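One structure is given here, and the rest of the page talks about it.
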Amino acid sequence: MNPSGDTFFSWATINEFHLLTEDYEDFADKDETEFLNKDGSLQYEVQVQLENYVDHYVTVQDEIIYFMKQGTVHQPEIFEMVLRGYNIETSNFVINTENNVRYMEPHHNQ
């Protein structure tokens with residue numbers, strides 16, 4: 001929210017996430033790449049490229065998002081599937097590997 005009271009939303013569509021390799025030079029195979037340790041922490045600073053990312057109502061294309069190695073991943077299973085580009089059904093947290101559930105459905109969280 002800005003000083004005049006306007007509320008801004010930022011969002012990205014999960015199936016537009018593309019993992020980058022550990023050296024950040026190429027796209028990683030989303031099913032073969034391991035970036036989480038056994039305890040759920042990140043092995044390295046993970047980067048994903050987003051095809052379209054909306055920030056404060058401005059669409060940005062091919063944006064790279066960084067997830068720092070330091071810190072705690074509180075839901076590592078869900079975090080891993082989101083970075084791999086799989087849709088997560090929020091009512092029961094079922095992972096959909098077909099990328100066809102709720103895509104392009106109008107919604108936002110408040």
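For the set 4, 10, the ranking by accessible area, highest first and with no ligand, DNA or RNA atoms included, is 4, 10 under a 1.4 Å probe.
Here the Karplus curve 6.51 cos²θ - 1.76 cosθ + 1.60, taken at θ = phi - 60°, turns the phi angles of segment 26-43 into couplings of 8, 6, 8, 6, 5, 8, 9, 6, 10, 10, 10, 6, 4, 7, x, 8, 7, 6 Hz, with x standing for Gly and Pro. If R0 equals 25 Å, the separation of the Cβ atoms of residue 67 and residue 9 corresponds to a calculated FRET efficiency of about 0.75.
Could you calculate the contour length gain from residue 25 to residue 57, that is, 0.36 nm times the residue separation minus the distance between their Cα atoms, to one decimal place in nm?
Values: separation 32, 0.36 × 32 = 11.52 nm, distance 2.93 nm.
Contour length minus Cα-Cα distance gives 8.6 nm.
Could you tell me which chymotrypsin sites (Phe, Trp or Tyr not before Pro) in segment 1-67 are loop residues by DSSP with no more than 14 other beta carbons within 10 angstrom of their beta carbon?
Values: sites: 8, 9, 11, 17, 24, 27, 35, 44, 53, 57, 66, 67; in loops: 8, 9, 24, 35, 44, 57.
Those that pass, being in a loop and sparsely packed, are 8, 9, 24, 44, 57.
Along segment 16-22 the Karplus relation, 6.51 cos²θ - 1.76 cosθ + 1.60 evaluated at θ = phi - 60°, assigns HN-Hα couplings of 9, 7, 10, 5, 9, 5, 4 Hz to successive residues, with x for each Gly and Pro. Evaluating 6.51 cos²θ - 1.76 cosθ + 1.60 at θ = phi - 60° for every residue in segment 77-88, the Karplus couplings come out as 5, 6, 4, 4, 5, 5, 5, 7, x, 8, 7, 10 Hz, glycine and proline recorded as x.
Heavy-atom accessible surface of residue 59, to the nearest 10 Å², is about 90 Å², with a 1.4 Å probe and all protein chains retained.
The values are calculated or read from the model by the stated rules, or taken from the named source; none is laboratory data. Remember, it's a predicted structure, so these values are computed and weren't measured experimentally. When we count neighbours, we look across all protein chains shown, and the Cβ atoms used for this are built from the backbone with ideal geometry, even at glycine. Note: accessible area is taken over every heavy atom of the protein model, side chains too, but ligands, DNA and RNA are not part of it. Shrake-Rupley method; radii C 1.70, N 1.55, O 1.52, S 1.80 Å.
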